[in-house]
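**Student:** Could you have a look at this structure, given as C-alpha cells, before my questions?
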Amino acid sequence: MQDYLGMLTVDPDDKLDHGVKGQKWGIRRSSAALKAAAAKRKASKAAEGEKKPEGTAKKAESKTGAPAKPSGNIQDNVESSSARYARLADQAKAGKAHEMTEQDLKFFNARTEALSKVAKMQQKDSSWLAETAKKVAQQTAQQQVQAVSTAVANKYISGPLIEKLTTAATDKKE
C-alpha cells in the first residue's frame, strides 16, 4: 500500500488560494459584481479623504471641529487596554463603578489583580535579610547568656551553696 499523501509535493508555481473572507463556499461572484464592489471601495476611500499612514491613532475632525464619524476599520475604533483600564479606574475612583458593564468590571478586576501580582513579583524584599540577621543575632545572644549563666551557677552557686546546705543539714541532725 502506497502513501499517496506522502508522495504529494507542493510546487512553488502552484497558487494557494484561501478565498475571500466572508465568501460562501461554491458561490462565485460575477465580474460585474467584482467591479461594483471595487467601485464602492474606491468611492468610500475618496469620501473618507486621504488614507492615514499606519501607526497614527489620532481622531480625525471635520472642518467644524466636531469629531469625524468612525471609519469602518475596527482598529481605528478600538481602545487600547491601558487606556480602557485608566478610564475604568477613573470611573471607579469617582464612585461610578455601578455604572460599569459586567464586561468592564471583569476586565477591570482581572487587570487590577494581574498588575498587583506583577508588582508583588518585582518587589525587592530588602527587609528579609535584616529580619533574618536579627533573628540569628537574638538566638546567638540568648545561647551565650544561657551558657554564661550556667557556668556562673555551676562555679559560684553550686559548690559553696551545696556545702553550706549539707553542713547546715548535718548540724541540725546532730
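**Student:** Considering only region 102-174, give the helices (runs of 4 or more DSSP H) lying wholly within it that have at least 2 residues that are closer than 30 Å to residue 80 by Cβ, out of contact with any Cys (no Cβ under 7 Å at 6 or more places or on another chain) and of a type in the set (Phe, Trp, Tyr).
**Tutor:** 102-122
**Student:** Could you check how many residues of region 95-150 are touching a helix residue (DSSP H, G or I) at 6+ places or on another chain (Cβ under 8 Å) and acidic (Asp, Glu)?
**Tutor:** Summing the residues that are touching a helix residue (DSSP H, G or I) at 6+ places or on another chain (Cβ under 8 Å) and acidic (Asp, Glu) in region 95-150 gives 2.
**Student:** Within region 47-58, is there a residue that is surrounded by 10 or more Cβ atoms within 10 Å (Cβ to Cβ), modelled with pLDDT under 90 and not small (Gly, Ala, Ser)?
**Tutor:** Yes: one or more hits.
**Student:** Across region 89-111, what is the number of residues that are under 13 Å from residue 79 (Cβ atoms) and exposed (fewer than 10 other Cβ atoms within 10 Å of the Cβ)?
**Tutor:** 1
The values are calculated or read from the model by the stated rules, or taken from the named source; none is laboratory data. Since this is a predicted model, take the numbers as computed values, not measurements. A quick note on method: Cβ atoms are made from the backbone with ideal geometry, for glycine too, and the neighbour counts reach across all protein chains shown.
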